[in-house]
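Participant: Below you'll find the structure I mean.
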Amino acid sequence: MATIAELVPPVVQYLVQVAREGGFTTYGEVARAFGTHPRVVPKVVEVVKEACLAERWPPLIALVLQAGRKGPSLSCLGPWLDEEAPQGEGEAVVEEFVQRVHGFDWAPLLERYPTK
């Protein structure tokens, strides 16, 4: 089974593709796509989260949902809720974040985690 470090680049590629398509995925779908256990995916997603936070990029991890959810929760976006965050009620804020993720140029993240 691949290590977390080995999984990050292809998972980043996968998530960027999901963003470009304007969609969402689940932890289970990511696990199946890369032949790993669903419990490993949050550890991979944590690496992506830290990269996005460090660079002040939108929360790419918001596209990875728990099975049965229609969209990310406001609590998932917690680290991004600062003075630059969208203002408004919960669902409107989440929708604004999702639009930012879908419309963002993820090339710098892809460059950081190239696949071999």
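Participant: Looking at (1) assigned to a helix (DSSP H, G or I); (2) more than 26 Å from L81 (Cβ to Cβ), which is the one condition that is false for M1?
Facilitator: Only one criterion is unmet by M1, namely (1).
Participant: Separate question: If we scan the range 34-49, do we find a residue that is at pLDDT below 95, assigned to a strand (DSSP E or B) and not aromatic (F, W, Y)?
Facilitator: No.
Participant: Mind listing just one residue for me: the one in the range 79-96 that is over 17 Å from E50 (Cβ atoms) and open to solvent by less than 50 Å² (accessible area, probe 1.4 Å) and, of those, modelled with the highest pLDDT? Walk me through how you get there before you give the answer.
Facilitator: Of the range 79-96, the ones over 17 Å from E50 (Cβ atoms) are 83-96.
Subset that is open to solvent by less than 50 Å² (accessible area, probe 1.4 Å): 85-86, 90, 93-94.
Details: A85: 62, P86: 66, G90: 72, V93: 81, V94: 85.
If we take residues in the range 79-96 being over 17 Å from E50 (Cβ atoms) and open to solvent by less than 50 Å² (accessible area, probe 1.4 Å), then V94 is modelled with the highest pLDDT.
Participant: Restricting attention to the range 34-78, report how many residues are under 13 Å from the mean Cα position of the chain (by Cα), open to solvent by 60 Å² or more (accessible area, probe 1.4 Å) and among the polar types (S, T, N, Q).
Facilitator: Qualifying residue count, the range 34-78: 1.
The values are calculated or read from the model by the stated rules, or taken from the named source; none is laboratory data. All values reported here derive from a predicted model rather than from experimental measurement. Neighbour counts run over all protein chains shown; Cβ positions are idealised from the backbone, glycine included. Heavy atoms of the whole protein, side chains included, go into the accessibility calculation; ligands, DNA and RNA do not. Shrake-Rupley method; radii C 1.70, N 1.55, O 1.52, S 1.80 Å.
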